[in-house]
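Below: one structure, written as structure tokens.
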Amino acid sequence: MRLFDTLTRTERELRPIDGATFRFYCCGPTVYGPAHIGNFRTFVVQDVMRRVLETGGMRTLHVRNITDVDDKTIRDSQKAGMALGDFTAQWTERFHADCEALGCLPPHIEPGAVEHIPQQVAMIGTLVEKGHAYVSEDGSVYFRIASCPGYGALSHLEERELDLGKTQNARANSDEYEKDSISDFVLWKARRPEDGANFWPSPWGEGRPGWHLECSAMIHEYLGENFDLHSGGVDLVCPHHENEIAQSRCACGGDFAAHWFHITHLLVDGGKMSKSLGNLYTLDDLAAKGFTAMDVRYVLIGAHYRKPLNFTLDSLTAAREALQRLAKGARGLAARVTEGVVLDEVGFGPFQGAWDALENDLNTPGALGGLFTGLREAAALEGVDAARALAGMNRILRALGIVLPEAPAEVVVPEGVRALAEERWAARLAKDWAKTDALRTEITAAGWKMNDGKEAYTLEPLG
Ligand code: AMP
Ligand code: ZN
């Protein structure tokens with residue numbers, strides 16, 4: 001599979017460095033509230049990348065962290081009057097439930113920042129020792145970006161209007177960053193009264209780690225100095241990922257990630273999501289409007305990950321209809337498979353185009369289109385050919401993580417009601433209107449509605 005790499009700005013083949021397992025890291029959620037559908041664009045696209053690799057026969061090792069200590073988690077746990085651990089546990093659980101509903105595979109390893117404080121303290125120690133970090137007056141420790149010559153390569157700082165010289169002496173202590181803010185950044189934050197009970201010991205005094213550091217420490221623990229791919233939303237390129245590279249290379253050596261995979265942001269109604277505009281949707285908000293998590297997943301993969309995706313409620317309605325059409329197509333194909341067929345090999349059959357799209361820089365809209373094209377091509381297939389096509393379609397669906405909706409339950413009309421309807425239809429054809437009306441009353445009393453068509457009638461249960 002070929003995928004665009006942010007660092008080299010080229011599409012490159014994904015191959016595991018160790019020749020066996022594709023090992024990758026995704027920056028995970030900050031667990032201080034429910035994740036929104038923008039976050040889920042990133043997590044769903046990362047899930048499709050993993051599924052495509054696995055469908056192609058590759059083994060993967062997927063590590064995604066949980067940010068369970070930072071300015072926001074501490075602030076909001078205090079507002080809720082809860083211990084930080086209890087507060088973040090509840091939002092982590094919610095995140096897992098949402099991921100499951102969206103059909104995202106759980107990562108193989110999901111480390112939390114709080115359980116890796118000793119590793120973070122050790123990494124800061126190394127950085128101080130090697131002269132890449134310094135202690136400030138209040139006992140906080142900062143990374144000196146001037147000590148890291150390649151800083152800014154990922155976001156191509158050298159080509160941009162940002163004046164590195166002007167910002168180099170600035171320091172950032174907050175966990176919330178302006179995109180592209182370049183400054184010495186905090187590795188260890190000295191204890192402040194507003195942190196409450198959330199502080200840990202270190203050689204520089206009590207405090208807690210800065211946000212950028214946790215990923216570097218956990219990557220070092222679980223993936224080592226060289227690994228295959230690192231990923232996040234495009235807002236993380238600079239400074240978060242620049243800072244991760246700087247910390248990790250300066251502390252541990254090695255090349256860090258071989259490939260950088262960034263997902264463009266989701267827009268809602270053509271703009272940024274925000275609470276004040278009332279368009280910051282969670283899965284629950286959309287469920288309340290009658291949409292399933294699968295409808296949401298379909299919309300989220302409906303645009304290429306390098307293009308902005310504009311989310312609207314109309315796009316959800318269209319997704320629901322598309323899923324119904326795919327489900328109907330799959331049922332039709334399944335009905336033409338001869339029972340007991342055993343396939344010697346499983347390819348993609350008429351769905352080869354969908355697979356090619358996925359292998360070509362994860363072209364998910366192309367793959368969705370390929371599902372419909374494949375169904376049209378498979379329309380005349382029977383027996384073993386239909387079986388092959390169905391197997392191909394199912395492989396594409398699994399690679400996209402789509403579970404099709406079940407067929408609507410068949411309505412069984414009771415014998416008595418059917419007899420009344422037949423009698424009424426005959427009376428209607430004979431233009432015996434009194435009898436027609438009387439029989440309608442009886443059918444209604446039995447809880448059914450009879451719809452008269454030109455050449456036939458239908459029956460449906462009353463509300
Ligand atoms: P956070 O919980 O804020 O740390 O974000 C989790 C992930 O969601 C990160 O990879 C972010 O880059 C990503 N993200 C945040 N907002 C959006 C958005 N509107 N569209 C796509 N990804 C986003
Ligand atoms: Zn990170």
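The values are calculated or read from the model by the stated rules, or taken from the named source; none is laboratory data. Because the structure is a prediction, the values reported are computed rather than measured. Heads up, the Cβs are rebuilt from the backbone with ideal geometry, glycines too, and the neighbour counts pull from every protein chain shown. We work out accessible area using only protein heavy atoms, side chains counted, and drop any ligands, DNA or RNA first. Shrake-Rupley method; radii C 1.70, N 1.55, O 1.52, S 1.80 Å.
A compact table of results
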read-out: Leading residue by the ranking (most open to solvent (accessible area, probe 1.4 Å)) among those in the stretch 263-289 that are under 18 Å from residue 97 (Cα atoms) and among the small types (Gly, Ala, Ser); value: 288
read-out: Residues that are hydrophobic (A, V, I, L, M, F, W, C) and open to solvent by 10 Å² or more (accessible area, probe 1.4 Å), drawn from the stretch 1-26; value: 1, 4, 7, 17, 20
read-out: Of all residues making up the stretch 395-413, the number that are open to solvent by 60 Å² or more (accessible area, probe 1.4 Å) and touching a residue at least 12 places away in the same chain (Cβ under 8 Å); value: 4
read-out: Pair list, Cβ < 6 Å and 6+ apart or interchain, from the stretch 423-443 residues that are under 17 Å from residue 455 (Cβ atoms) to residues that are of a type outside the set (Val, Ile, Thr) and part of a helix (DSSP H, G or I); value: 424/439; 427/435; 436/424; 436/427; 436/428
read-out: Hits in the stretch 212-236 (condition: assigned to a helix (DSSP H, G or I) and within 11 Å of ligand 2 (Cβ to nearest atom)); value: 212, 213, 214, 215, 216, 217, 218, 219, 236
read-out: Residue match in the stretch 64-84 (condition: away from ligand 2 (no atom under 16 Å from the Cβ), crowded, with 17+ Cβ neighbours inside 10 Å, part of a loop (DSSP other than H, G, I, E, B) and not hydroxyl-bearing (Ser, Thr, Tyr)); value: no
read-out: Residue match in the stretch 144-151 (condition: in a helix (DSSP H, G or I) and touching a helix residue (DSSP H, G or I) at 6+ places or on another chain (Cβ under 8 Å)); value: yes
read-out: Unmet requirement for residue 248, which otherwise passes all of (1) more than 17 Å from the chain's Cα centre (by Cα); (2) under 17 Å from residue 45 (Cβ atoms); value: (2)
read-out: Residue in the stretch 13-29 that is over 25 Å from residue 363 (Cβ atoms), in contact with a helix residue (DSSP H, G or I) (Cβ under 8 Å, 6 or more places away or on another chain) and either part of a helix (DSSP H, G or I) or not assigned by TED's automatic domain parsing to the domain that holds residue 274 (or both) present; value: yes
read-out: Residue 41 at negative phi, assigned to a helix (DSSP H, G or I) and open to solvent by 10 Å² or more (accessible area, probe 1.4 Å); value: no
read-out: Residue count for the stretch 237-252, restricted to those that are near ligand 2 (Cβ under 9 Å from one of its atoms) and surrounded by fewer than 24 Cβ atoms within 10 Å (Cβ to Cβ); value: 1
read-out: Subset of the stretch 1-53 that is acidic (Asp, Glu) and touching a residue at least 12 places away in the same chain (Cβ under 8 Å) - its residue that is nearest to ligand 1 (Cβ to nearest atom); value: 47
read-out: Entirely in the stretch 254-358, the strands (runs of 3 or more DSSP E) that have 1 or more residues that are closer than 20 Å to residue 49 by Cβ and within 16 Å of ligand 2 (Cβ to nearest atom); value: 260-263
read-out: Of all residues making up the stretch 106-133, the number that are open to solvent by 40 Å² or more (accessible area, probe 1.4 Å) and not in a helix (DSSP H, G or I); value: 5
read-out: Residue 356 vs. criteria open to solvent by less than 30 Å² (accessible area, probe 1.4 Å) and not assigned by TED's automatic domain parsing to the domain that holds residue 49; value: no
read-out: Pick from the stretch 46-63, criterion assigned to a strand (DSSP E or B) and open to solvent by less than 10 Å² (accessible area, probe 1.4 Å), ranking: farthest from residue 358 (Cα to Cα); value: 63
read-out: Matching residues in the stretch 114-146 - criterion: being at pLDDT below 95 and farther than 18 Å from residue 190 by Cβ; value: 145, 146
read-out: Residues of the stretch 345-377 satisfying the condition of being touching a residue at least 40 places away in the same chain (Cβ under 8 Å) and of a type in the set (Asp, Glu); value: 359, 361
read-out: Condition broken by residue 220, with the remaining ones in (1) out of contact with any strand residue (DSSP E or B) (no Cβ under 9 Å at 6 or more places or on another chain); (2) within 14 Å of ligand 1 (Cβ to nearest atom) satisfied; value: (2)
